[in-house]
Amino acid sequence: MTRARRAAACALLVAGGLAVPAASAAGQEEPRRVRLESLDVSDNLYLLRGGGNNILALVREDSVVLVDTLGVGWGAATRAALDNLTTAPVTMIINSHDHAGHTAGNVEFPHVTVTVAHENAKRRMESMDAFSGANARYLPNRTFSDTLTLLDGIDRVELHYFGASHTDADAVVVFPEKGIAFMGDLFASTSPPYVDTAAGGIATRYPEVLAAVLEELSYFPEFVRGPEVRTFDMVVPGHQEPPDLTPLLAWFTWADLERYAQFTRDLVGAVTRAHAAGGGAGEAEAAARGVAGGYPGYDMEYVRPFVATVLEELDGAGR
Ligand SMILES: [Zn+2]
């Protein structure tokens, strides 16, 4: 497989999920099913999963807020999952970034009045087929550059931007009163990050962007919710498959995000050292793979495109 094709396959896997439905032997599309998980039984925030993507649904008294959509064709299955909880319409969508697997499904929620995304995400979404013609009304109509706060009370949502890494438009979506942070594709899964350079992504910046997330949001790990002091302790990745737990309270924590940040630092460091020593792509990849030993359970299948992007950036900086 050429590098370009490998990168494209990775983009589809990581960013787009199952953009094209799998066909059965009879040529019929397999039905799309969205899995619904409670994050915390006492709370109104839920995880929905379909096509390899994770999104959140904040179920309010008379409306639903989605954090990301599941891509084209997943609207009905998403609604069917929500129907287990409420008949209230989806009225607000927060897009973590512009990749189609996180945004193209916006057009399947006709009651939405507010769509929020980083200003760089909106700019690229304007040229996506999914939002052409009459569908332009599903584009973000509220944007931000650094931070934005939405709603209030227990449902308060904060959007934070920390710079270019996966793309140049990735928002960390934080529910401070619930102790939950949705990472989108900044922390897609426990594997080398996918960096979309065409969308402004910068591989060598990944460690510092995640360090900024940890630093800026470090005041969250302890917060008061009602009479209890709770821990800001659930980090939801954009693609990682959740464990079979209900509620999902024991999933990824702040400590896992710290570990992932260190993983990206180790990866970039290993490739940078190999490059400085005059090594080529093979040596750099071997060095990057050597990092995996410190991270049991991490999947290194897609390390090659990440290494290639780091090398391109290092070569570019040396010119
Ligand atoms: Zn993405």
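Only the coordinates and a few stated rules stand behind these numbers; no lab work does. This structure is a prediction, so every number in the text was calculated from the model and none was measured. Glycine gets a Cβ as well: all are built from the backbone with ideal geometry, and neighbour counts include every protein chain shown.
Data overview
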| item | result |
| --- | --- |
| Selected from Ser145, Ser38, Ser218 as most flexible by GNM, with the chain as the system and alpha-carbon contacts under 10 Å | Ser218 |
| Trypsin sites (Lys or Arg not before Pro) within segment 48-134: DSSP coil, no more than 16 neighbouring Cβ in 10 Å | Arg60 |
| Max mean-square fluctuation residue, GNM over the chain, Cα-Cα springs under 10 Å, options Ala81, Ala104, Ala276 | Ala276 |
| Antiparallel %, DSSP beta bridges [both residues in the chain], to 5 | 70 percent |
| Relative contact order (%) - criterion: Cα under 8 Å, at least six apart; region: the chain | 14 percent |
| Label-point gap, in nm, between Thr149 and Ala276 - each point 7 angstrom along Cα→Cβ | 4.2 nm |
| Rounded tilt (10° steps) of 281-291 against the dominant C-alpha axis of the chain | 60 degrees |
| The chain: angle of helix 254-276 to the longest principal axis, Cα-based, in degrees nearest 10 | 30 degrees |
| Calculated P(r) tail over 29 Å for the chain, as whole % of Cα pairs | 35 percent |
| Most mobile listed residue (Pro243, Pro296, Pro192) in the chain, GNM with C-alpha springs under 10 Å | Pro296 |
